[in-house]
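The values are calculated or read from the model by the stated rules, or taken from the named source; none is laboratory data. No experiment lies behind these values; they were computed from the predicted model shown. Cβ atoms come from the backbone with ideal geometry, glycine included; neighbour counts cover every protein chain shown.
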Amino acid sequence: MLRSRIARTAMSSTKWQELAKLKRNQLQAAIPKEWTISPRFELNVLGVPSECGVLTPKELEITNESDVSVLLHNLATSKWSSVEVTKAFCKRATIAHQMTNCLTDAFFDTAMKRAAELDDYLQRNGEVVGPLHGLPISLKDQYRVKGLDTPMGYASWIGDVAEDDATVVQILREAGAILYVRTNVPQTLMWTETHNNVYGRTVNPHNRALTPGGSTGGEGALLAMHGSVLGIGTDIGGSSRVPAHFCGIYGFKPSYHRLPFFGAVNSLDGQESIATAVGPMSTSMSGLTILTKTVLESKPWRKDPLALRMPWSSDAYALNEHGGGKHLCFGIMWNDGTLTPHPPVIRALKIAKKAVEEAGHTVIVWSPYRHAELANITRAIWTADGGADYRAALLTVGEPLINSMKPDADPHEVVAHRKHREPLTVYDLWQVHKQKRQLRKEYMDLWNSTASKTETGRPIDALICPPAPYAAVPHGQTRSAGYTMVWNALDYPALIVPVTKVDPSVDVVEPQERFFGQGDETLYKIYDPEVFKDAPVGVQLVTQKQEEEALLAIGKVVDDAVRKLYSTGRAIATTPHSHGPAPPRPAL
């Protein structure tokens, strides 16, 4: 009934506030009262699910399991029923939402009904429906679900009910997954924070004074609190990787069109020079791999006209073109030549370097190549319409455009990347595309030329680099997404692996007299170890175009190596420059 009221209001009202209020009320109505908890005031709320009394001991056992492969095994062997698992994650998702404001939709009744059907199928047939049988999977609020609207943070899109599922949603259902929640995004998506006029701001459960990132920030917060173990985000410039880094989880951006995006809603829709990628996020490497393999084995090119006809390659995952993974050579990029990473980010890189070297692999220095140009080209493509896409989504209901993510921002304040740009002519845009094409060729040649520097005779197998120049920052303080967006421009797959947390006792402020520019100096000045305390820090891994399987396998190599290093107790006390030479600094 409430949904039909929203639809009627959407057709007749020009007051975005009314539409937003109705949508928030719909979400609140979907949360059972017995699952609500008292307000909490601490900054770190990761312990709330275990302390609040909503979850039973078994539900805590289920939802505390990070490894997606273990959950799927327990479901397939009936150790845990799908009804038990689904209810546990529905409850934990509501706790996460109450602490972080991460959800936009909750459809628990249909989830529980589907779980019961799957349990019945398994009991009657003695086999699972598919590789994701009974597993609850969360969705970013871009993926259409039949019978629901998908506002994506825009009041004007409330009430536009989907007639069918997005392609990837169809595939998940067929594989046996259970859909139960969708998660929050920033207005227009083009932010590395998460806030909009419909649902409000999402916060980071590690420290609610910090952002969870964006644009897949709702997923990041939900996964960090184990309200989900596997979610589907998107990534056009870091939208799944930045939240993964900020929230201490795993995030994956494949190459263009490797996973099917058809049927999802989007901002800048129709801009395909830098394509939006489906961006899986998980509490484990196994989650990313299982999800990617499942989708590719479903032959998504039969449902999405842009999806590449590239089935899952077991040979590629076995690293057959990378020496079987026995002796890999990594490049390591300490900075991108524009922004110097904060001390905890450098320390995470050093931990990863030490871990892979102790695992028998080698690491050579990678110098950034024209990253500032790649970032500028990317921004030029995104803003080629002069803001027409944003205006079209807002004007019909009079919703204001958010121009700053600061909680106390002046309504007239406009951050740098939101300042008006004149639209490009078609011819001018073509010239930008030509520049991008040329830089992609030069970067490919540079990568391949490293074969002369490695001990393997191959080019570097993967690159280790920062996901961002900082850990999660206070709300409104994110800067350039240059460390992630360049790989979107180059169409290289990229992966986030969590490594450590900010530790003020080792991640101290270091003297820095040379800067790449004013932005670099400003970034240096915002670092305060106590402000960033306990914020997660990851590393980003990158391979060449369409090497998704290899990247996932290399990600496991790195993740296993880091875990082994921690198991010995030798990673914890690693200071930024305690192992090997200091990373390159800006030239005088």
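With the structure loaded, tell me whether A471 is surrounded by 13 or more Cβ atoms within 10 Å (Cβ to Cβ), among the aliphatic types (A, V, I, L, M) and assigned by TED's automatic domain parsing to the domain that holds Y369 or whether it fails that test.
Taking the combined requirement at face value, the residue satisfies it.
Is there a residue being within 20 Å of G214 (Cα to Cα), of a type in the set (S, T, Y) and assigned to a loop (DSSP other than H, G, I, E, B) anywhere in region 449-471?
Among the residues of region 449-471, at least one is within 20 Å of G214 (Cα to Cα), of a type in the set (S, T, Y) and assigned to a loop (DSSP other than H, G, I, E, B), which makes the answer yes.
Answer yes or no as to whether T378 is farther than 22 Å from T338 by Cβ, in the same structural domain as Y492 (by TED's automatic domain parsing) and either part of a helix (DSSP H, G or I) or not small (G, A, S) (or both).
No.
Taking the stated definitions as given, is V562 farther than 30 Å from E442 by Cα and surrounded by 23 or more Cβ atoms within 10 Å (Cβ to Cβ)?
Criteria met by V562.
Is there a residue in region 103-115 that is touching a helix residue (DSSP H, G or I) at 6+ places or on another chain (Cβ under 9 Å), assigned to a loop (DSSP other than H, G, I, E, B) and in the same structural domain as N207 (by TED's automatic domain parsing)?
no
Residues of region 314-369 being within 28 Å of R514 (Cβ to Cβ) and among the aromatic types (F, W, Y), which ones?
Residues satisfying the conditions are F330, W334, W366, Y369.
Name every residue in region 405-418 that is buried (at least 17 other Cβ atoms within 10 Å of the Cβ) and outside any helix (DSSP H, G or I), in order of residue number.
Result: M405, single match.
Which one is surrounded by the most Cβ atoms within 10 Å (Cβ to Cβ) among residues in region 357-394 that are without any contact (Cβ under 8 Å) to a residue 24 or more places away in the chain and farther than 30 Å from R570 by Cα?
Applying the filter and picking the extreme gives N376.
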